[in-house]
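Enquirer: Attaching a single structure in structure tokens format; questions to follow.
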Amino acid sequence: MEKVIEIKNAKIYQQKALVLDDVNFEMTGSDFVYLIGKTGSGKSTFLKTLYGEILISEGEGSVVGFDLTQLTRKEIPFLRRKIGIVFQDFQLLTDRTVLNNLYFVMGATGWKKKKEMEKRAIELLQLVGLESKVNAMAYALSGGEQQRLSIARALINKPELILADEPTGNLDPETSQEIMSLLIAVAKEEKSAIFMATHDMNMVEKYPGRVVRVENNTLREISTINRFNPFQQFNPISD
């Protein structure tokens with residue numbers, strides 16, 4: 001299976017401050033991986049590195065075939081066409097309809113034929129259960145519906161990798177479970193890997209995957225929560 005992320009001996013700086021050191025991490029196109037860690041530990045910095053906002057200063061790194069040490073400004077849009085990003089705060093265009101939110105991203109990523117755009121948009125809205133909300137304004141959607149739309153938007157270009165940054169952080173527990181189930185199901189349907197930052201250990205337990213923790217300024221893979229010794233003291237991770 002082809003690797004969608006491969007990082008070796010990397011140092012990652014933000015504004016000249018070393019945030020992550022000696023980072024070694026890889027995942028393939030079929031993986032589902034959680035990224036956990038305390039607030040300020042470097043989770044967001046690592047995600048920003050993966051979608052090209054921060055470069056790797058030392059070491060090696062690639063995401064969906066793009067070299068993260070040599071990425072140019074012109075290449076960043078092409079990188080982001082091969083990944084989908086789901087944010088905690090949705091980042092929708094609230095003054096536009098559900099359909100026009102998808103059309104906007106399509107236009108920005110090179111789609112030109114109206115019929116193809118319409119076909120893909122409807123296909124995605126059916127996939128996430130929003131086909132009845134095509135003409136609804138984004139601001140009028142519930143939190144769960146907004147995140148469903150955010151997931152549909154992330155899938156537009158059939159990404160090899162979905163980066164999800166606290167995708168259930170602003171949702172109630174019941175809606176969070178719906179969104180997690182949906183995210184995993186649609187990723188499987190679209191054959192996308194998922195790399196998800198979260199502080200919700202209940203989700204990690206309910207939907208097992210690989211778990212990577214940011215600690216001591218680097219990434220360490222740990223056993224999934226359902227393999228932890230229940231008698232061993234465990235400090236919940238805050239965020």
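Enquirer: Okay, helix-only estimate at 222 nm for the chain: each DSSP H run of n ≥ 4 adds -39500 (n - 2.57), divide by all residues, round to 500 deg cm²/dmol; what do you get? Please report the intermediate quantities before stating the final value.
Expert: Numbers: 7 runs with 75 residues, N = 239.
Only helices count here, giving -9500 deg cm²/dmol.
Enquirer: Another question, then. Considering only DSSP beta bridges where both residues belong to the chain, give the percentage that are antiparallel (nearest 5).
Expert: Values: 21 of 38 bridges.
For the chain, the DSSP antiparallel bridge percentage is about 55.
Enquirer: Next question. Given Cα pairs under 8 Å that are at least 6 residues apart, what percent is the relative contact order of the chain?
Expert: 26 percent
Enquirer: Moving on to the next point. If the cut-off is a Cα-Cα distance under 28 Å, which lysines reach K43, setting aside same-chain residues fewer than 8 apart in sequence?
Expert: K3, K8, K11, K16, K74, K82, K158, K188, K191, K206
Enquirer: Compare the Cα positions of L68, I179, S30 along the charge dipole of the chain (+1 at Cβ of Lys, Arg; -1 at Cβ of Asp, Glu; about the Cα centre) and return the one farthest towards the positive end.
Expert: L68
Enquirer: Enumerate the amide H contacts of Y13 below 5 Å, restricted to partners 5 or more residues apart or on another chain; note that Pro and chain-start residues carry no placed amide H.
Expert: Hits under the 5 Å cutoff: V19, S57.
Enquirer: Further question on the same structure: Counting Lys and Arg as +1 and Asp and Glu as -1, each charge on the Cβ, what is the dipole of the chain about the Cα centre in debye, to the nearest 20?
Expert: With Lys and Arg at +1 and Asp and Glu at -1, about 760 debye.
Enquirer: Computed from these coordinates, which is P(r) over Cα pairs in 10 Å bins from 0, in percent: (i) 7, 31, 35, 20, 5, 0; (ii) 7, 26, 29, 20, 11, 5, 1, 0; (iii) 8, 35, 39, 17, 1, 0?
Expert: From the options (i) 7, 31, 35, 20, 5, 0; (ii) 7, 26, 29, 20, 11, 5, 1, 0; (iii) 8, 35, 39, 17, 1, 0, the structure gives (i).
Enquirer: Using a 10 Å cut-off on Cβ atoms, rank the peptides 159-171, 5-17 from the highest mean neighbour count down.
Expert: Highest mean packing first, the order is 159-171, 5-17.
Enquirer: Could you state the number of Å between the C-alpha centres of the stretch 168-187 and the stretch 64-127?
Expert: Centre-to-centre distance over Cα atoms comes out at 20 Å.
Enquirer: Kindly provide the GluC sites (Glu not before Pro) of the stretch 29-106 that DSSP labels as loop, not H, G, I, E or B, and whose Cβ sees at most 16 other Cβ atoms within 10 Å. Could you put the intermediate results ahead of the total?
Expert: Values: sites: E53, E58, E60, E75; in loops: E53, E75.
Sites meeting the loop and neighbour criteria: E53, E75.
Enquirer: Just to be sure I understand: with springs between alpha-carbon atoms less than 10 Å apart, which residue in D21, D31, D172 has the highest mean-square fluctuation in the Gaussian network model of the chain?
Expert: Looking only at D21, D31, D172, the biggest GNM fluctuation is shown by D172.
Since every read-out is calculated from the coordinates, none of them should be taken as a lab result. Since this is a predicted model, take the numbers as computed values, not measurements. Positions of Cβ are generated from backbone atoms using ideal geometry, with glycine treated the same way; all protein chains shown enter the neighbour counts.
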